[in-house]
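Chemist: Quick one: the structure is below, and I'll ask about it shortly.
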Amino acid sequence: MKNKIIAGNWKMNKTRPEAEALIKELLPLVADSVNTVIICVPYTDLHTAVQLTKGTNVHVGAQNCHWKESGAFTGEIAPSMLKEMGVEYVIIGHSERRTYFGETDATVLARTQAALQAGLKPIVCIGETLAERQSGRMQQVLTRQVVEGFKDITAQQLANIIVAYEPVWAIGTGVTATDEQANEAIAFVRGVFAQKYGKVAADALYIQYGGSMNDQNAAGLLAMSDVDGGLIGGASLVAAKFAAIVHAHG
Ligand code: PGA
């Protein structure tokens, strides 16, 4: 099995002083991890995070970026701006962006392409809603998100992408997918990637689970054969909980 990639998604939380305190508390707790540790923080915390994590094993990511390099896009941030700061990763197409900010498979693809172009590693989120799962359309939705959202992505580019499978019904709800549900959905998604990129590339692809992962359920989820890591929201805001997830496997 691969080592895991554990990423925190702070969402719209933590002022700069709060971010500094959380990172300083977290660093010693995860310093000896065999897994890759990433924190995806608000834009306003990026500088603080990059400075504090220099020379440590913690990597820094943003939570979105635009698809253009510059221009009249009020309120947006270009991938090159992130790269220049020392940011390494960027979450793309989180379900909250799809739900509240009109993100589509097409904009996800555009943002992913731009992020890759700038030398960032995208963490691309996919996942079905409860209604989609209950009406038997889970596989159809996941297939569409992969086929459309990765349309022009080459095998070479895929090697620099992390995928996060996040069932929308499990995000921030406290309702986690069971270990089996997470593994089954991720194995299905991996199969869709295998059809396009071949089994070797699909097996090498990191596919995380996200959705109410916490210090209590992480070990079970991360022990599953297809679960290559986690994207953690709420529990990443508490250093001890996030560190426990980082150490839950390996
Ligand atoms: P959660 O969020 O862990 O709070 O459910 C996960 C995510 O949205 O990435």
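Chemist: Taking the Cα centre of each part, how many Å lie between the stretch 196-242 and the stretch 1-42?
Modeler: Using only Cα atoms to place each centre, the spacing works out to 14 Å.
Chemist: So if a site counts as exposed when it's one of the chymotrypsin sites (Phe, Trp or Tyr not before Pro), its DSSP state isn't H, G, I, E or B, and it has at most 16 other Cβ atoms within 10 Å, what's the longest stretch of the chain without one?
Modeler: The answer is 102-250.
Chemist: How much length is gained on full extension from Ala159 to Phe101, taking 0.36 nm per residue of separation minus their Cα-Cα distance?
Modeler: 18.1 nm
Chemist: Further question on the same structure: For the chain, compute the orientation-averaged projected area of the C-alpha convex hull (one quarter of its surface), in nm².
Modeler: With every direction weighted equally, the projected area is 12.2 nm².
Chemist: Run the accessible area of the chain with a 1.4 Å probe and give the carbon-and-sulfur part as a rounded percent.
Modeler: Carbon and sulfur together cover 55 percent of it.
Chemist: How large is the accessible surface per residue of the chain, computed with a 1.4 Å probe and reported in Å² as a whole number?
Modeler: With all protein chains present, the chain gives 43 Å² per residue.
Chemist: Let me ask something additional. Along the charge dipole of the chain, Cβ charges K/R +1 and D/E -1, which of Met12, Asn35, Gly149 sits furthest on the positive end?
Modeler: Gly149
Chemist: Quick one: in the stretch 1-139, what % of C-alpha pairs are over 25 Å apart?
Modeler: 31 percent
Chemist: Here's a follow-up. P(r) tail for the stretch 179-250, what percent of Cα pairs lie past 16 Å?
Modeler: 47 percent
Chemist: Per residue of the stretch 198-205, what does 6.51 cos²θ - 1.76 cosθ + 1.60 with θ = phi - 60° give for ³J(HN,Hα)? Whole Hz please, x for Gly and Pro, Karplus curve as stated.
Modeler: x, 5, 4, 5, 5, 5, 6, 5
The values are calculated or read from the model by the stated rules, or taken from the named source; none is laboratory data. As the structure is a prediction and not an experimental result, all values here were calculated from the model. Using ideal geometry, Cβ is built from the backbone for each residue, glycine included, and neighbour counts are taken over all protein chains shown. What goes into the accessible areas is simple: the full protein's heavy atoms, side chains included, and nothing from ligands, DNA or RNA. Shrake-Rupley method; radii C 1.70, N 1.55, O 1.52, S 1.80 Å.
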